[in-house]
Amino acid sequence: MIATYHNHSSWSDGKTSFEEIYNHAKRIGVDELGISDHFCVYPDGSSPDWALGPERVDAYLEDVLSFKDREGPTVRVGLEFDWFESHQELIQPLVEAIPLDYRIGAVHHVEQEQFDMSFEYWTEKSSEERDEVWRKYWAQVTEMAASGLFDIAAHLDLPKKLGFYPEGDVSACIDEALEAIRSTDMVVELNTAGFGKRCADGYPSIDILKQCRAKEIPITLSSDGHIPEHILFEFERGLSHLKEAGYTELARFRNREIWFESLDETLARP
């Protein structure tokens, strides 16, 4: 079965409507299509223009669920929730009020600054300051996972997107985050969007994938598509990475229940 869960429409920062994504998925033979637009609530309670705020969720669900009975891919509905430092008290009641097939937890900000959009964010920092961003990033992933609110940990090691890597040893931070993911029964995604970014690598790296496999953390395959043509972006390459890391199954989602399919039976089509 061809399934793709982490995709974005014009309900957040995607470029097209969900209908256009659905129609493209039908044309290329996708069996299970998930949409997971950004849900972002800043610590002050506001939401950015590029993401869904709480007041727009009902309309989003109505739009996506209107495709449930169409003849084509099975539709799964999710959201990608942005996590900030000490965010649980604010976000938990909002997350738990939304009926979804899966919840994605994601970290895009450190100290409320988005780290994955600007070269200047990194170039204006010393190597020590960049390492500190990495440590704080992994600490937030740990906190996000420990909340127990989410099913999928999104694009681990995202701070490498623009080509900036830690110079110091952050392995203990990574291990702590993966232990939190394991202990709350979360699934890690191999996010193939990174293959098309400056880092030219999936999120997470092969090394981190192997650590996930050693901890028996389940995996799923995602493209983080923002246009219809990217909903299966580099899936073949992603499958190769998963096999190299030792994975044999992929996680699937329905009504926040998880089941598994053989990785060898997953076919990616261009």
Taking the range 122-164 and the residues there that are among the aromatic types (Phe, Trp, Tyr) and more than 27 Å from Ser183 (Cα to Cα), the one that is farthest from the chain's Cα centre (by Cα) would be Trp122
In the range 18-57, anything in contact with a helix residue (DSSP H, G or I) (Cβ under 8 Å, 6 or more places away or on another chain), assigned to a loop (DSSP other than H, G, I, E, B) and surrounded by fewer than 16 Cβ atoms within 10 Å (Cβ to Cβ) is listed as Pro43, Gly45
Among strands (runs of 3 or more DSSP E) entirely inside the range 196-270, those with 2 or more residues being under 15 Å from the mean Cα position of the chain (by Cα) and either within 21 Å of Ile35 (Cα to Cα) or in contact (Cβ under 8 Å) with a residue 24 or more places away in the chain (or both) are 219-222, 249-254
Taking the range 187-203 and keeping only residues that are surrounded by 24 or more Cβ atoms within 10 Å (Cβ to Cβ) and under 20 Å from Trp138 (Cβ atoms), one is left with Val188, Glu189, Leu190, Asn191, Gly202, Tyr203
Note: among Ile206, Ile258, Ile219, Ile231, just one is among the hydrophobic types (A, V, I, L, M, F, W, C) and surrounded by fewer than 16 Cβ atoms within 10 Å (Cβ to Cβ), namely Ile206
Across (1) in a loop (DSSP other than H, G, I, E, B); (2) touching a Cys at 6+ places or on another chain (Cβ under 7 Å), Arg135 clears everything bar (1)
Picked from the range 83-121 (must be assigned to a helix (DSSP H, G or I) and either surrounded by 18 or more Cβ atoms within 10 Å (Cβ to Cβ) or of a type in the set (Ser, Thr, Tyr) (or both)), the residue nearest to the chain's Cα centre (by Cα) is Val95
Looking across the range 141-177 at residues that are outside any helix (DSSP H, G or I) and β-branched (Val, Ile, Thr), the single one that is nearest to Glu257 (Cα to Cα) is Ile152
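Read-outs throughout are calculated quantities, based only on the coordinates presented, and are distinct from any laboratory measurement. Source: prediction; values computed, not measured. For neighbour counting, all protein chains shown are included, and Cβ atoms are generated from backbone atoms with ideal geometry for every residue, glycine included.
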